[in-house]
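A.B. asks: I'd like to ask some things about the structure below.
The values are calculated or read from the model by the stated rules, or taken from the named source; none is laboratory data. Because the structure is predicted, anything quoted here is derived from the model rather than measured. For neighbour counting, all protein chains shown are included, and Cβ atoms are generated from backbone atoms with ideal geometry for every residue, glycine included. In case anyone asks, the SASA skips ligands and DNA or RNA and just uses the protein heavy atoms, side chains included. Shrake-Rupley method; radii C 1.70, N 1.55, O 1.52, S 1.80 Å.
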Amino acid sequence: MKAVKVWAAFLLLIAILTACASGGAGQRTAGLLTQDYLEMSDAELQAYYQQLSDQLARESRAVRSSQRVGYGTGTFGAGAARGMADEEDVQALRVRWNEVRQELRRRELLP
């Protein structure tokens, strides 16, 4: 019985740490998506593209790892809602990343 309590405490700690780690990621994603890339200079656009790429990689990893660990399952329920938000963030980032990539090509900054 004691081992079950230890495992339950461990899993709760992992869930809390995962939730804390992904909370800031959502704010960074929202901040990136509100920027107007069409008004940026070439250098700003290239830096923005790199930020989008980095954030997309982080969010994608978070979604994959949360699905592998089983984050969002159990009696808490809040994790399941965040999992859906993560997937929506990844999709929104991917759409913006593609738009910025097209703009970089239009400006002849990408081959």
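A.B. asks: Name the single residue that is farthest from Gln102 (Cα to Cα) among those in segment 31-48 being open to solvent by 30 Å² or more (accessible area, probe 1.4 Å) and touching a residue at least 40 places away in the same chain (Cβ under 8 Å).
C.D. replies: Leu33
A.B. asks: If you don't mind, another one. Would you check which residues across segment 49-77 are at pLDDT below 95, open to solvent by less than 80 Å² (accessible area, probe 1.4 Å) and charged (D, E, K, R) and list them?
C.D. replies: Scanning segment 49-77 gives a single hit, Glu59.
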